[in-house]
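The values are calculated or read from the model by the stated rules, or taken from the named source; none is laboratory data. From a predicted model like this one, the values you see are computed outputs, not experimental measurements. Neighbour counts run over all protein chains shown; Cβ positions are idealised from the backbone, glycine included.
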Amino acid sequence: MEHRHLGRTGLRVSRLGLGTLTWGRDTGERDAADQLKSFWEAGGSLVDTADVYADGGAEYLLGRLIEDLVPRSDLVIATKAGSVPDPDRRFDTSRGHLLAALDASLQRLGTDHVDLWQVHAYDAGTPMEETLHALDVAVSSGRARYVGVSNFCGWQLAKAASWQLAASGRTPLASTQMEYSLLQRGVEREVLPAAIDLGVGLLPSSPLGRGVLTGKYRNGTPADSRGGSAEMSAFVAPYLDETAALIVDALTIAADGLAVSPLQVALAWVRDRPGVTAPILGARNAAQLAAALSVEGLTLPEEICLALDDVSAPLHRYPDHDWTTL
């Protein structure tokens, strides 16, 4: 698998990442082991997790598999901290919470450092300088090699990245993780331009539009899909409207013309967008992951990209549009 630099850093990662959102919850140890082994054998290195996935179960499971299945040195382990299971406060990015969470993550992962440590979300209740100082401490103490953020809007990312670049001794942000796909192109408005300008690599989550871009929902909702489950149906529902259906139809036409699957076309489109380093793949089993990994040899023709760009283009007006013509 081809590797890319993460943002404006020396860290190289595989251009597809393996996500572990369902590990320890819907994905058991055997399926997780099959996924990790398949990913590693395909040349993948970037494995993304978080301290709140399965209440720490995903990190614990990944740690066990690293010990028994895949060499630690072959992987770029990325985890996140800052989300809390508290109805009164969803996020806590105070220095104390973040550093304690990092220590707990390292213990579950069975390693003395993570390659990429990310703030899971913006916390309006904590000064950003305090949050970012925790990232500096993590790097200076050797507990993290690189740092990033997740779910920061445009101004939040720009402020954080600029602060880290403003003085020597601060650790520049390497990455931002955001949802990005043919069905969700909101990052193109402000987040992606800021990331490109400031040298921050984008790690798209849900690159297949929460599974909708595979085409599996064109003729109804499969009972064994996320959309058919009581726990995840609300997660998928926003992408089952008429606009999404038109995009999926166009995607299917493009896939048929190229003799590949809609999944491959959708994934190749987002993987090769400007500013993108590595989409994060979430799969229930090794067979689903293998289907996604098969995109490695596919590069979309320019005319296909332009057609997909056109059919999925979000409506951006002021201030993105030339307001003098309005």
>> Just the residues that are of a type in the set (A, V, I, L, M, F, W, C), closer than 22 Å to D136 by Cβ and outside any loop (DSSP other than H, G, I, E, B), please, taken from the range 160-183.
In response: A160, A161, W163, L165, L173, A174
>> Could you check the range 292-306 and list, in sequence order, the residues that are in a helix (DSSP H, G or I) and surrounded by fewer than 17 Cβ atoms within 10 Å (Cβ to Cβ)?
In response: S294, G297, E302, E303, L306
> Is one or more of the residues making up the range 174-187 over 26 Å from T243 (Cβ atoms), crowded, with 16+ Cβ neighbours inside 10 Å and out of contact with any strand residue (DSSP E or B) (no Cβ under 7 Å at 6 or more places or on another chain)?
Replying inline: no
> What number of residues in the range 6-20 are outside any loop (DSSP other than H, G, I, E, B) and of a type in the set (A, V, I, L, M)?
Replying inline: 2
> Filtering the range 73-95 down to residues that are touching a residue at least 12 places away in the same chain (Cβ under 8 Å) and surrounded by fewer than 15 Cβ atoms within 10 Å (Cβ to Cβ), which residue is farthest from A278 (Cα to Cα)?
Replying inline: R89
>> Quick check on the range 104-112. Is at least one of its residues of a type in the set (D, E, K, R) and touching a Leu at 6+ places or on another chain (Cβ under 7 Å)?
In response: yes
> Hey, any hits in the range 184-194 for a residue that's in a strand (DSSP E or B) and either at pLDDT 95 or above or closer than 23 Å to D103 by Cα (or both)?
Replying inline: yes
> Before we move on, is L157 among the aliphatic types (A, V, I, L, M), farther than 28 Å from V212 by Cβ and not in a loop (DSSP other than H, G, I, E, B)?
Replying inline: no
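Looking only at the range 8-45, count every residue that is out of contact with any Leu (no Cβ under 7 Å at 6 or more places or on another chain), of a type outside the set (S, T, Y) and within 23 Å of A161 (Cβ to Cβ) and tell me the total. Quick ask: steps written out before the conclusion?
From the range 8-45, those out of contact with any Leu (no Cβ under 7 Å at 6 or more places or on another chain) are 8-12, 15, 21-22, 25-28, 30-31, 34, 40-41, 43; that's our starting set.
Now restrict to residues that are of a type outside the set (S, T, Y): 8, 10-12, 15, 21, 25-26, 28, 30-31, 34, 40-41, 43.
Now restrict to residues that are within 23 Å of A161 (Cβ to Cβ): 8, 10-12, 15.
The qualifying residues number 5.
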> Any residue at all in the range 68-85 that is in contact with a strand residue (DSSP E or B) (Cβ under 6 Å, 6 or more places away or on another chain), outside any loop (DSSP other than H, G, I, E, B) and within 15 Å of R284 (Cα to Cα)?
Replying inline: no
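Picking from G17, G10, G44, which residue would you name as being surrounded by fewer than 23 Cβ atoms within 10 Å (Cβ to Cβ) and among the small types (G, A, S)? First the steps, then the outcome.
Details: G17 fails: surrounded by fewer than 23 Cβ atoms within 10 Å (Cβ to Cβ); G44 fails: surrounded by fewer than 23 Cβ atoms within 10 Å (Cβ to Cβ).
On inspection, the qualifying residue turns out to be G10.
Could you check, for the range 65-72, whether at least one of its residues is without any contact (Cβ under 8 Å) to a residue 60 or more places away in the chain and within 20 Å of the chain's Cα centre (by Cα)? Step through it out loud before you land on a result.
As a first pass, look at the range 65-72 and keep what is without any contact (Cβ under 8 Å) to a residue 60 or more places away in the chain: 65-72.
Retained after the next criterion (residues that are within 20 Å of the chain's Cα centre (by Cα)): none.
No: the range 65-72 contains no residue that is without any contact (Cβ under 8 Å) to a residue 60 or more places away in the chain and within 20 Å of the chain's Cα centre (by Cα).
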> Mind checking which residues of the range 189-204 are surrounded by 18 or more Cβ atoms within 10 Å (Cβ to Cβ) and either small (G, A, S) or out of contact with any Cys (no Cβ under 9 Å at 6 or more places or on another chain) (or both)?
Replying inline: L192, A194, A195, L198, V200, G201, L202, L203, P204
> Does S105 fit the bill of being buried (at least 20 other Cβ atoms within 10 Å of the Cβ), over 18 Å from the mean Cα position of the chain (by Cα) and closer than 24 Å to N151 by Cα?
Replying inline: yes
> Which condition does S162 not pass, out of (1) within 20 Å of G96 (Cβ to Cβ); (2) surrounded by fewer than 18 Cβ atoms within 10 Å (Cβ to Cβ), if it passes all the others?
Replying inline: (1)
> Which ranges mark the helices (runs of 4 or more DSSP H) fully within the range 226-291 that have 1 or more residues being in contact with a helix residue (DSSP H, G or I) (Cβ under 6 Å, 6 or more places away or on another chain) and at pLDDT 90 or above?
Replying inline: 242-258, 262-271
